Amino acid sequence: MNQGNIMMSEQKIERMTKKGQRFIKSYSSKALKASFVPFISVPIIHGICVKLTSELNRIFGIKTTKSFGGEAFTNTVVGLIATPFMLIPLAGAFFAIAYVESIGEAYLDALTEVAKQSTEEELKDEKLMAQRIIKTLKSQRRA
């Protein structure tokens, strides 16, 4: 069998998903710390989300273009709804955590779906992965 046609095992995908979930929790605690300065925290929290999506890509061994993190983040956006609430002192911390977790979980779900449908070789194709991830994120938003 051609090495490029090998699909990733369910066990491997499950391990990567669990690792991704741990990173989401870690990044949401970073959002909590950042949320204590409401007006300054919003761009920091958005940056945390972009870094989180990049980290999740790394966990899955998915190669994407350098600008992809921001593009993927825009496709998971619930930010237009959540951002104003992050400006409220104390309550903003709750919204910041929920925001990072919802972005991370939606992105992780998309990566898991893409990994299940891709061969090991396809995971290395930057353009193909970017297309599949964006397509999956858009279909999640419609669901």
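May I ask you to list pairs of residues, at least six apart or on different chains, whose Cβ atoms are under 6 Å apart, with the first in the range 8-36 being under 13 Å from LEU111 (Cα atoms) and the second being of a type in the set (S, T, N, Q) and part of a helix (DSSP H, G or I)? Close Cβ pairs (under 6 Å, with a partner that is of a type in the set (S, T, N, Q) and part of a helix (DSSP H, G or I)) amount to THR17/THR112.
When the helices (runs of 4 or more DSSP H) confined to the range 15-97 are screened for residues that are modelled with pLDDT of 75 or more and surrounded by fewer than 17 Cβ atoms within 10 Å (Cβ to Cβ), those reaching at least 2 such residues are found at 38-60. Being buried (at least 20 other Cβ atoms within 10 Å of the Cβ), of a type in the set (A, V, I, L, M), modelled with pLDDT of 85 or more and assigned to a helix (DSSP H, G or I) is the requirement here; does LEU128 meet it? Spelling it out, it is not the case that LEU128 is buried (at least 20 other Cβ atoms within 10 Å of the Cβ), of a type in the set (A, V, I, L, M), modelled with pLDDT of 85 or more and assigned to a helix (DSSP H, G or I).
The values are calculated or read from the model by the stated rules, or taken from the named source; none is laboratory data. Everything numeric here is computed off the predicted structure, so don't read it as measured data. So basically every Cβ, Gly included, is an ideal-geometry build from the backbone, and we count neighbours across all protein chains shown.
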